[in-house]
Structures are given as structure tokens and as C-alpha cells.
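Worksheet: one structure, shown below.
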Amino acid sequence: MEDLLFKSKILETAEALDVEAAFPRSPKKFVDAARGSSPDLLVLDLNSSRFEPLMLLRKLKSDEATKNVPVVGFLSHVQKDLAIASRKSGCDRVMARSTFTRELPKILAGVSSRGLDA
């Protein structure tokens with residue numbers, strides 16, 4: 001997560017719902033964390049220049065340890081081509097950034113209601 005204000009909002013929402021959230025600082029650490037911690041949800045900023053999200057999605061969805069972990073990706077609402085490419089690369093749910101922000105409590109509450117960490 002490169003946007004610190006957005007990261008702060010996610011952390012604040014996760015804490016309010018008693019859901020664990022982590023923010024690995026590199027694609028390798030992201031994949032390693034996903035493999036090692038068996039997360040119940042992965043959230044990916046599809047506009048990240050540092051994480052190369054399409055490549056990362058393909059890697060996650062082709063890895064036996066992470067292929068079944070749901071991935072929610074968010075992007076600018078005008079990026080229709082990126083949304084299509086993200087779905088084709090394995091993103092389970094692609095959302096406009098504004099929709100993701102609005103639905104964040106509901107998304108994380110779904111993780112929380114299962115009694116699981118994100």
C-alpha cells in the first residue's frame with residue numbers, strides 16, 4: 001500500500017473490527033506472507049507501480065498455497081482495461097477505489113464474522 005492515508009483507513013477499520021491487517025513492503029514479502037500466514041483475504045492496490053499487480057495476481061493464483069485465497073483489488077473507476085486484465089489474472093473482486101472505501105467495513109466484517117484474520 002503506497003498511499004499512507006489509505007493504509008491508515010484500512011488499519012483503522014481493521015482494528016475497529018478486530019481483524020488483523022498486514023502491509024508487506026515488497027511483492028516478494030507479499031507472496032511470502034500470503035504463503036506463510038494462510039490469510040483469509042488479500043487486498044491489492046491495482047494501481048501500485050511497485051507491486052506490479054497483474055504479475056503478482058498470476059503468481060498468487062498459480063501457487064498451490066495461495067490460489068484459493070480471495071483477492072480484492074481496487075483501482076480508479078476509469079480503468080476499465082485494467083479491471084478486465086485484473087479479473088483475467090485472477091482477481092476475485094475488482095472494485096473502484098471509492099466503492100472499496102465505502103464497502104471496506106463490510107468487506108472486513110465478512111472476514112471478522114468468520115472468526116478469521118485478514
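Here, each number is a calculation from the coordinates, and none is a lab measurement. A quick note: this is a predicted structure, and the numbers were derived from the prediction, not measured. Don't worry about glycine lacking a Cβ; one is built from the backbone with ideal geometry, like all the others, and counts go over all protein chains shown.
Worth pointing out:
- Segment 1-109, dipole about Cα centre (Lys/Arg Cβ +1, Asp/Glu Cβ -1), debye to the nearest 20: 420 debye
- Spacing of the two label points (7 Å from each Cα toward its C-beta) at LYS7 and ASN47, in nm: 1.6 nm
- Of all stretches in the chain that contain no trypsin sites (Lys or Arg not before Pro) in a DSSP loop with at most 13 other Cβ atoms within 10 Å, the longest one is 68-113.
- Of every Cα-Cα pair in the chain, the percent that sits beyond 25 Å: 14 percent
- Counting 0.36 nm for each residue step from ASP81 to ALA109 and taking away their Cα separation leaves a gain of 7.1 nm.
- Applying the Karplus relation 6.51 cos²θ - 1.76 cosθ + 1.60 with θ = phi - 60° to segment 29-35 yields 3J(HN,Hα) values of 5, 4, 5, 4, 5, 5, 5 Hz, where x marks Gly and Pro.
- Nearby lysines by direct alpha-carbon distance to LYS61 (threshold 22 angstrom, same-chain neighbours under 8 apart not counted): LYS28, LYS29, LYS80, LYS88
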